[in-house]
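Working notes, structure below.
Just so it is clear, none of the values below were taken in a lab; they were calculated from the coordinates. In this text, all values refer to a predicted model and were calculated from it rather than measured experimentally. Because the Cβ atoms are built from the backbone with ideal geometry, glycine has one as well, and the counts that use them run over all protein chains shown.
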């Protein structure tokens, strides 16, 4: 058991002026790079790590944690304001955040995103600080077979997002899985579909595909629709009522179950390495929509949608540290970068971390709490700035966003090849939007595709090719059952119901 | 006053020695290309070494990430860069060797497309099992596998899989090999009891200290410093090993004075205290610079070893 004096000493270390400055710098930088499409907190952390070599370990880690947390909220800003998510995990935020902005309530949407982001984050941090050790042991029991079943379950939940046409949704999903196949196959390391480009050995660069499909395609669409006259990107009524600008306590409180659900989903998926915040955001969104009494209002500016996604994707961050601190296993790229930061400072995450570095870890927890608070304060202050930017003419905003996308992807993928990939997928995203194929479904399938393939091939080796042997894995079996139920419920039952409703209302 | 003159004299003569040693100097900034993403081990080490070199020589060094195919994308570009000593590349030997052996005719470069300057360090690859496993060495693992209808072994890189297949072919153990994305994932599967043995490259060391994990063999050509009592795979009777080296190369045709100056500068940076600390912290091993000739030999010998891994 860890001595209370160590906990206090650690927290005392954290709450110093130097660390506060580093946290503030990190959060501000994170929000900024998160908000610029193409760059993201992961890239900012990667670039910052070597520079932290000269810092004191706690200050360095506090800074990186600040960047990560700031970035989680930052990504939501452009998603809400101009429908171009700054980071892939904010893609789901755009679904309801942007319609709200178009209704003239961008500030309200951003505030809700900020509040739910900080809420989800704080929730998972508390879980991390209090029960990370037992949770990590449970997460260890999730082997390849269970992970594979969990992915199938995730796919089935996301079926709830398919929309009007089942066929078009399936086509989008299959396309996503198809593009996820590019690169070395996980089983034998044979390169597939690389057409002589060695850059494709590791698969299509994730950032390039996501930014191309989500952000650049939207920029194309908006630029194509500009019809001569100069108008602001989003028009906010000059004399706006206070309730359209602020999130009242009643509104925040009405989202409590949504945020709690999001935080729990994010925390659970975060504790299991490899699934990631994008999937968590969409799962939370889909299940909130399903649980809602008025699912048809989602996608048209329902504030619950913003709360669902932001609480979930931010909760992943804290929970990612559960396997990292307790076992030395990173749950995401961001966490992997934190590990390398730990390592270059001579700290080896793993079973002895709390014993050997208890003071530092409680210092880290202190810094995380500080970062949550700073995220809230800096976010509140910077909202006004971002709102000013979008009152500029849309031709100006979107063309600068395009330049940012290109430079961001150039830097993060290490060359012009990534930019080419981004543009190809931008055209594809534009066409898919035009013909009513869900880009969101494509992106989720693409994101989960390679992890799903890997866990499927691991599962087949473990089961010796005998699929029925899955009955020896009760957790996996339960997840597969849940997947069946939710496929029926979300994919067959609910659409039928909504079709019936439309028919009834048209008869009236 | 006298002291000052003495200082000035000493400084001047030191300066002369240094300028005499390094009569080559780059005419502009040197670009060090990293064959992997930012934030990984190669990147971290590359940036630390570049920083040290910049401090020691006064040259401008820019670090760029060119990820793709385990370094193939970066070396493809490096092979056609101008050999003026101002474009260098850092990568890991294993993916290069594997691709040279498997699809050498399709690669846009060969081993002699580069002039080799230095190695940075050798990664230590171990085969580990949970400490309550009913075996302590490879022979025991083979027996266990035979008795239990195939033991599950996790790996995260092709050469590890091939090494295990080599052992399997010799011993008829019937291993079932599980491919994972990282050695952390492999270790996670081991700790969770989903596999009985796993490859690991450093992350297992704290678990050895805590008593959760034991080491079955060193998969390198030699034993590991932190576990000197555990024999290598070769010592346990299978003539096979993997030796992943981090190395630095330049396009072939480097002028000899530039090559000498760069190799000397790199050696100084790699063995500096700052770089040493970074290498020890991230790889749990000491820096080992084999120098230009040693690096070249390591790669040429490596082709032979990887061919053997593939049974060619």
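So for B:105, A:56, B:289, fewest C-beta neighbours within 10 Å to most, what's the order?
Values: B:105 7, A:56 15, B:289 22.
If I rank by nearby Cβ atoms, fewest first, I get B:105, A:56, B:289.
Bridges between two residues of the range B:126-218, per DSSP, are antiparallel at a rate of about 60%. Computed from Cα positions, the angle between helix B:138-147 and the longest principal axis of chain B comes to roughly 30 degrees.
Mind telling me which of B:133, B:269, B:154 comes out most flexible in a GNM of chain B, alpha-carbon contacts under 10 Å? Maximum fluctuation in the GNM of chain B, among the listed residues, is at B:133. Counting only other chain Cβ atoms within 10 Å of each residue's Cβ, the peptide A:351-358 averages 2.
Largest first and in whole Å, the equivalent-ellipsoid semi-axes of chain B read 41, 22, 15, each the square root of five times a Cα gyration tensor eigenvalue. Projected onto planes of every orientation and averaged, the convex hull of the alpha-carbon atoms in the range B:126-218 covers 5.1 nm². Between B:276, B:55, B:181, the GNM of chain B built on Cα springs shorter than 10 angstrom shows B:181 fluctuating the most. Panel order for B:267, A:188, by other beta carbons found within 10 Å of each beta carbon, from fewest to most: A:188, B:267. Considering only B:170, B:239, B:161, the Gaussian network model of chain B with Cα springs below 10 Å gives its largest mean-square fluctuation to B:170. Per residue of the protein assembly as shown, the DSSP helices (runs of n ≥ 4 H) give a summed -39500 (n - 2.57) that works out to -20000 deg cm²/dmol at 222 nm. Computed over the range B:29-151, relative contact order equals 23 percent, with contacts defined as Cα pairs under 8 Å that lie 6+ residues apart. Ranked by the mean number of other Cβ atoms within 10 Å of their residues, highest first, the peptides B:62-71, A:58-67, A:196-205, B:208-217 fall in the order A:58-67, B:62-71, A:196-205, B:208-217.
Say a paramagnetic label sat at a point 7 Å from the Cα of residue B:293, along Cα to Cβ; which residues of the range B:96-124 have their backbone N under 18 Å from it? Residues B:115-119 qualify, since their backbone N sits under 18 Å from the label point. Measuring from centroid to centroid over Cα atoms, what is the spacing of the range A:280-330 and the range A:7-53 in Å? For the range A:280-330 versus the range A:7-53, the Cα centre distance is 23 Å. Give the relative contact order (percent, whole number) for chain A; include only Cα pairs under 8 Å separated by 6+ residues. 29 percent. Each peptide in A:280-288, B:280-288, A:468-476 was scored by the mean count of other Cβ atoms within 10 Å over its residues; highest first, the order is A:280-288, B:280-288, A:468-476. Averaged over peptide B:29-42, the number of partner chain Cβ atoms lying within 10 Å of each residue's Cβ comes to 4.
Shown for A:242, A:141, B:165: other C-beta atoms within 10 Å of each C-beta, ranked fewest to most, produce the order A:242, A:141, B:165. Of the peptides B:292-303, A:20-31, the order by per-residue mean of other Cβ atoms within 10 Å, starting with the highest, comes out as A:20-31, B:292-303.
Both numbers refer to the Cα atoms of chain A; Rg and Dmax are 22.3, 72 Å.
Give the relative contact order (percent, whole number) for the range B:126-218; include only Cα pairs under 8 Å separated by 6+ residues.
45
For the peptide A:444-455, the mean number of other protein chain Cβ atoms found within 10 angstrom of a residue's Cβ is 1.
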